[in-house]
Each structure stands twice: as C-alpha cells, then as structure tokens.
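For reference, the structure is listed below as structure tokens.
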Amino acid sequence: PADKAELIKVLTEHFPEEKAAIEKYFDLLYGFFEQVISAFFLRDPEVSKEKYPLYFDYAYKPTAEVLDEYFTNPLLKLALSPYWSYMGIPTHSLAFVDYAALMYSYIEWKPFHIKGGSQALSNALVNTIIDNGGEIRFNCKAEEIVVEAGQVKGVRTSLGDYIPTNYVVSNVSSIITYTELIDTEKVPEEQFEILKGSTIGVSAITMFIGLDCRAEELGIKETTNFFYTSDNPDEQDRTIRIIGSENDPFLLTCYNVSDSEASPQGTTQIAIVSLAYAEPWLEVPPAEYAATKFKCAEQILTRIEKEYPNFRSHIEEIEVATPITHMRFLGTPGGAFYGFDQYPKDSNMFIPPKSSIRGLYAAGAWAGSGGFQPTLTSGGQAARAILRDMKKRGVK
C-alpha cells in the first residue's frame, strides 16, 4: 500500500517476528529522507554532519547493507527492495539516498500513471511548444553541434540546414554528444576524463502484449508486479549480465488495473521489462538472434503462467525487443535507457551536469539520474539554467 501505516501493517502481518525492526527501519527511512529534503530540496546553506547526521551516516551506504543492518529474513529484504529496477542497480551497489528517494516518493507522493500513456505527455509537450512559437522537426537528425572558441554557435541537421544559436540542449548520450556531434578537437580533455570513469548502463528485454480478456479474469489485481527467483542481490546482478530469462528479475505492468480505458473494452494491455545488459547480445550471431530473442520471451511467458494460469492462450498481439532493439530505436550505446550505470560516483553530487562548453546543456538520463521523473526534471533544470544565462547576458 502507498501509505506508511498500512505498509508497516502489511509487512508486520507477513513478518511478525520482525515487527520492531520494521517500525524502527521506517523511522530511519523517514528521518533520513526528511533530512535530505531540508538540506538539498530546500537548499539549506549550512549543511553539516552535526545538523544532518542521518544523511552523512547513510547517504552513500549500499542499500543492501542498510537492509542487513535492520532485518534477518531475506524475503522481507526482497519485499522492500524491488524498486532498485527503476535505477538499474541492484541493492548491493544502489546508494541508500537513491533507494530512500524511491520509497519515500512512493509512500508519500504516491505512484501515478499518465492517462493515455507516455504518448499523451509527448503530445502535450508538442502542443505547448508550438503554441508558444516553437518549431519541431520530425525525422530530422542533429548532425553536428558547431563550437567555436569554446562557445556553441549553431547546429547542422541531416536535411542540410544550419541553425545559428548560442544555446543547445542535448538529451542524447553524452558519449555521442562529445564524440560524434562535436569536433573532438573542440572538446576539453576534462570532458573525456569524466566519460572514462563511467560504464554503460542497463537495457532490457521488453514485451508489449495485448490480451483478449480482462485482467481480473487472469487474476491480475495490481498495476505493478515484480517477479524474482532469487532474494540475493549478487545473483540478481549476475543474471542480468547473461542471456537467458529463466532467473532474471522482471516487471509486469498492467495499466488496465489503474485505467479501465487503457485498452478497448474486454481486452488488456501488458508491458514487460526484464533488465539486461547489451554486451552478451552483441555476441549473438545474426543468424541466431531471432531464435535467442524468442527463447527468452518464452521463458518469461512460462514464468508468468505460473502466477497467472492460461495467460499465453489469451495473447492476441505480442512484440518482443532486446537491448539490440533498444540500441536501434533509442540510438544509445548499449540500448541503455538509464544512461550510465547509476553509481553514486557518477551522480550530479560529484559530477555536475554543466558542460565546460559555453551554451551547451545536457538533459535526460545521461545528464544525471535515470528514470521517468528524473529525466523530466533534468529538462526543466536545463531550461531554467539557459534562461538565467540569457538574463545575465541581456539576451531576449
């Protein structure tokens, strides 16, 4: 339940022997994240260990270590940890500050889905840009960001246009920004040093499924459902680095539970996300790719049917994608959709997103934290930074 008291109640019912630990743990979670809000969201100018002891003690501890500190039952720790998949880093490496942000947000600010799906948001953004005098060019790639004397000067497009500008927001991979879109001789060496210290993040096997029945007929009662075969974070990490979906953690989302109009009456729309790194997929011979892809899909469907019998017999439409597919459609290294691996050392706390090239701003998962909300937030931050700079320069 997305409610603190109810969540504690449900966990205590399932794990009565850890009742005291559960209550103590949520006191820590709330106390810790309220310090994060005061120190960083509200921009306290006097942040210190004395003033914010929980933050300094726990912020960059691995989440698994904090869970081990409070609990002994591995299933309880698993029940509290599946949201790591929203960051792409298992709990043995996920900083507690990132995990706490996910949990606190879920409980206090509630989970929401956009009615009409993410396309509805894209449509709203398009309309807003056009209504405010902006122009959007579809099927048109940015081929080059022109830089002179350390300052952005313009953009060349795949249609042969040159657009003069002092400001560019790039939401593609920072690797592509600095090695393909900008002449490498114009990129400060420090930028390449930053890139050297990061690793390409996780991609996924994704499945989009249309069913010819209502969700409740199959026993699907929740919008978000996590599937695990192991409660060990090390094993979870290992399985997403090899090909095969027999043991991979995956997420089954059914929007119809939250929105009865998510698909036509009497049908159900299902989305599957099974995290997977691209490296082993890049080694698959082209002649074996399709068979390998569908074998993984079959393994996922077999696991779904153990929970929701006869699921397979109701499939009308199905699309299966791999990290290779995401490389093609996203245009990102490794098909990564969270950007670089979300290790604390690569966060904005240690590497500011501001480019050393004047007028160049970054947005999206490659500029900070990955995930739906953080990438939207980064776009707003980039826009506000540009407006501040324009005001400082007296540009209208």
Inset, instruction - Kindly check whether there is at least one residue in segment 88-101 that is open to solvent by 40 Å² or more (accessible area, probe 1.4 Å), modelled with pLDDT of 95 or more, over 23 Å from E222 (Cβ atoms) and not in a helix (DSSP H, G or I). - result: no
Inset, instruction - Search segment 214-227 for residues that are under 28 Å from G88 (Cα atoms) and pair each with any residue that is aromatic (F, W, Y) and open to solvent by 30 Å² or more (accessible area, probe 1.4 Å) when their beta-carbon atoms are under 9 Å apart and the residues are at least 6 apart or on different chains. - result: T223/Y255; F226/Y83
Inset, instruction - Kindly indicate whether any position in segment 148-157 is in contact with a Cys (Cβ under 8 Å, 6 or more places away or on another chain) and either acidic (D, E) or modelled with pLDDT of 95 or more (or both). - result: yes
Legend entry - Qualifying residues in segment 131-173 (those that are open to solvent by less than 70 Å² (accessible area, probe 1.4 Å) and among the acidic types (D, E)) - the one nearest to the chain's Cα centre (by Cα): E144
Legend entry - Selected residue (only one of T239, T267 is buried (at least 17 other Cβ atoms within 10 Å of the Cβ), of a type in the set (S, T, Y) and more than 20 Å from F227 (Cβ to Cβ)): T267
Legend entry - Selected residue [in a loop (DSSP other than H, G, I, E, B), under 22 Å from A321 (Cβ atoms) and of a type in the set (S, T, N, Q)] from S260, S245, S230: S245
Legend entry - Filtered residue count, segment 37-66, keeping only those that are open to solvent by 80 Å² or more (accessible area, probe 1.4 Å), in contact with a helix residue (DSSP H, G or I) (Cβ under 6 Å, 6 or more places away or on another chain) and under 25 Å from Y83 (Cβ atoms): 1
Inset, instruction - Would you kindly identify the helices (runs of 4 or more DSSP H) lying entirely within segment 278-396 that contain at least 2 residues that are within 19 Å of the chain's Cα centre (by Cα)? - result: 323-330, 372-393
Inset, instruction - Please work out if S230 is in contact with a helix residue (DSSP H, G or I) (Cβ under 7 Å, 6 or more places away or on another chain), within 27 Å of T91 (Cα to Cα), in contact (Cβ under 8 Å) with a residue 12 or more places away in the chain and not acidic (D, E). - result: yes
Inset, instruction - Please verify whether segment 196-212 includes one or more residues that are assigned to a helix (DSSP H, G or I) and of a type in the set (F, W, Y). - result: no
Inset, instruction - Residue by residue through segment 276-301, note down the ones that are open to solvent by 70 Å² or more (accessible area, probe 1.4 Å) and either among the acidic types (D, E) or closer than 25 Å to T199 by Cβ (or both). - result: E279, L282, E283, E288, E298
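Just one of E193, E189 is farther than 28 Å from S93 by Cα, loosely packed, with under 14 Cβ neighbours inside 10 Å and not hydroxyl-bearing (S, T, Y); which is it?
Numbers: E193 fails: farther than 28 Å from S93 by Cα.
E189 is the lone residue from the list that is farther than 28 Å from S93 by Cα, loosely packed, with under 14 Cβ neighbours inside 10 Å and not hydroxyl-bearing (S, T, Y).
The values are calculated or read from the model by the stated rules, or taken from the named source; none is laboratory data. What you see is a predicted model, and the numbers here were worked out from it, not measured in a lab. Cβ coordinates were reconstructed from backbone atoms using ideal geometry, including for glycine residues, and neighbour counts include every protein chain displayed. Heavy atoms of the whole protein, side chains included, go into the accessibility calculation; ligands, DNA and RNA do not. Shrake-Rupley method; radii C 1.70, N 1.55, O 1.52, S 1.80 Å.
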